[in-house]
Amino acid sequence: MDLMLFAPEITMVVTGLAVLLIGLFLPVESKKVLGYLASLGIIAALYLTIASLGTNALAFYDTLSVDALSQFFKIVFLVVALLFSIASIKYTEGSAHVEEFYVLAIFATIGMMFVASANDLMVLFVAFELASISTYVLAGFEKKNPQSLEAAMKYFLIGSLSGALMLFGITFLYGVTGTTSIPGIAASGAAIAASPIGIISVVLLIAGMGFKIALVPFHMWAPDTYQGAPPLVSALLAAGSKKMGIVAAFKVFIVALIALQVQWQIAFAVLAVITMTLGNVAALSQTSVKRMLAYSSLAQAGYITMAFVVLTPMALGGGILYALSHGFMKAGAFIATAAVVYMVLSGNKDAKDPDHIDNFKGLGQRMPVTALSMTIFVFALAGIPLTAGYMSKFVLFSSTIQAGFAWLAVIAIINSAISLFYYAKIVKYMYFLPTEGTKVSEPLPYTIALVVAVIGVLAIGFWPEPFIYWAMEAGKVLLAGGI
């Protein structure tokens, strides 16, 4: 019975092993089929997850939970993995290492899914590391590209340090409470609050999880890694891996460490303001679109972190909805950038900085679907109405004002206004500057992934009610202290 609760994860494991084993016996020219196989497996896991919405159960000695929160974030991770998998069909074309690429992405997603279900800090940490190690390798997948190797090394070194800090925090909590169970730690709130070790644990856990979420000052790796890694890997990191850090932080702080709410609430308020401000200001001067999107991703993390400060049902629902919206928006923006990089390298394999904003000149004429999709994504990230970004910001910012944190909402609104400058800059290059080339054929896998992401962004914008309801139900799990 416990196994059936995790049918989506089992499906992903079977898919990953099938891709690996089949890939061993296929010639290079036939390995394109592995992308379709991986995508079908992810679709099956996504269907099983959606079908299990409404389930509330504990499994494996209460170390894993299946509830509205875990299922919502699993959907986020699987949606991002699906977009990644579809677009990668073209990216991996002609490569001898297609199976390794997909297996790493699939097992990274499995790690993220188990983080969402973790009801014990040791399970959470192991799942965290499964996802992290897979993405370390993916970041350096282009072994002949010095930037890719540099990105992987920086990501690995800082990621290892953050993992150690997180583990130290967990051990201190175990020392005080005698358990690693998240509900068990919450039940020992009085002991944690009375011990100075509780504060040390909060500091260590914020540092460890702040790395994965890319909160300032734990963000140093993100711009370099996102810029150097393959664009599709950057999509997986920004839209998927970052959300893993968010759901882990939700579980650890809002459920396990609720007794120290005042202390970590102040810390998250400061981190939210600094992160959104530095992210937007730094993005203004970037000429690399991937680096610009990396700093933009910092700013978006700052907005989501507001949910930790406000802690009302509406705010938590807004933060959780923002995680889904950001998955569509950011993954789509990086996939659009990957399509442009493909176009540039197809014309000149030795081109330097293929993601430079100059390569977006006249994109509306050269790659109309990519340009239109990118326009929708950046406007959604800026919070333009009738998009997922607008609805998420509306719910989150309005709940912040209602809870008496108007100053925080004002800072967030000002930052959203600042972001319009660099988002509009991309649109200006695509539609208002003369093109330096002729129209090119847009690869079908990239186009399909972009269309799916656009549908997600517009669906949440035009028909937000069911998504807000699902996000609110997920937030209730946190406020109830788990199931």
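The values are calculated or read from the model by the stated rules, or taken from the named source; none is laboratory data. Keep in mind that this is a model prediction, so the values were computed, not measured. Glycine gets a Cβ as well: all are built from the backbone with ideal geometry, and neighbour counts include every protein chain shown. The area values use the complete protein model at the heavy-atom level, side chains included, leaving out ligands, DNA and RNA. Shrake-Rupley method; radii C 1.70, N 1.55, O 1.52, S 1.80 Å.
With a cut-off of 16 Å on the backbone N, the residues of region 14-55 near the modelled label site 7 Å out from Leu3 along Cα-Cβ are 14-15. When we measure straight from the Cα of Lys143, which aspartates and glutamates land under 14 angstrom away, once same-chain ones fewer than 8 places off are left out? Counting by Cα, and skipping residues close in sequence, Lys143 has these aspartates and glutamates nearby: Glu100. Please give the helix 406-432 orientation as an angle from the longest Cα principal axis of the chain, in degrees from 0 to 90, rounded to the nearest 10. Its long axis makes an angle of about 10 degrees. Measure nothing fancy, just the Cα-based angle from helix 121-139's long axis to the longest principal axis of the chain, in degrees from 0 to 90, nearest 10. The angle comes out near 10 degrees. Around the Cα centre of the chain, unit charges on the Cβ atoms of Lys, Arg, Asp and Glu (plus for the first two, minus for the last two) sum to a dipole of about 840 debye.
Extension gain, Ile22 to Gln365, is 119.5 nm, computed as 0.36 nm per intervening residue step minus the present C-alpha separation. Pairs spanning more than 30 Å between alpha-carbon atoms, out of Lys90/Lys242; Lys90/Lys476; Lys31/Lys349; Lys154/Lys349: Lys90/Lys476.
Among 325-335, 40-50, 119-129, what's the highest-first ranking by average C-beta atoms within 10 angstrom per residue? Please list the in-between numbers first.
Details: 325-335: 30.1, 40-50: 19.8, 119-129: 21.4.
Sorting 325-335, 40-50, 119-129 by mean packing, highest first, produces 325-335, 119-129, 40-50.
Stretching Val410 away from Ala351 to a fully extended chain increases their span by 17.0 nm, per 0.36 nm per residue minus the current alpha-carbon distance. Approximating the spin labels as points 7 Å out from Cα along Cα→Cβ, the Ala194-to-Lys144 distance works out to 6.5 nm.
Largest first, the residues Trp221, Trp407 sort by 1.4 Å accessible area into Trp407, Trp221.
By how many nm would the segment from Val137 to Phe432 lengthen if fully extended, with 0.36 nm per residue of separation less the alpha-carbon distance?
Details: separation 295, 0.36 × 295 = 106.20 nm, distance 3.88 nm.
Gain in length upon complete extension: 102.3 nm.
Packing, taken as the mean count of other beta carbons within 10 Å per residue, orders the peptides 133-139, 454-460, 387-393, 65-71 from highest to lowest as 387-393, 65-71, 133-139, 454-460. Protection proxy ranking, highest mean first, for peptides 266-274, 103-111, 2-10: 103-111, 266-274, 2-10, where packing is the per-residue count of other beta-carbon atoms within 10 Å, averaged. The HN-Hα couplings worked out from phi for region 360-374 by the Karplus form 6.51 cos²θ - 1.76 cosθ + 1.60 (θ = phi - 60°) are 8, 4, x, 5, x, 8, 7, 9, x, 5, 4, 5, 5, 4, 4 Hz, whole numbers, x standing for Gly and Pro. With a simple spin-label model that places each label point 7 Å from the Cα along the Cα-to-Cβ direction, the separation between Ser285 and Lys439 comes to 4.0 nm.
Cα to Cα, under 26 Å, and not fewer than 8 places away if on the same chain: which lysines meet these conditions relative to Lys428? Filter leaves Lys290, Lys330, Lys352, Lys361, Lys393, Lys439.
What number, rounded to the nearest 500 deg cm²/dmol, is the helix-based mean residue ellipticity at 222 nm of the chain, given -39500 (n - 2.57) per DSSP H run of at least four residues and division by all its residues?
On the way: 22 runs with 363 residues, N = 483.
So the calculated ellipticity at 222 nm is -25000 deg cm²/dmol.
Close amide H partners of Asp120, meaning residues 5 or more places away or on another chain with modelled amide H under 5 Å apart, are Ile182.
Along the Cα-to-Cβ line of Ala459, 7 Å from the Cα, sits a label point; which residues in region 30-47 have backbone N less than 15 Å from it? Residues passing the 15 Å test: 43-47.
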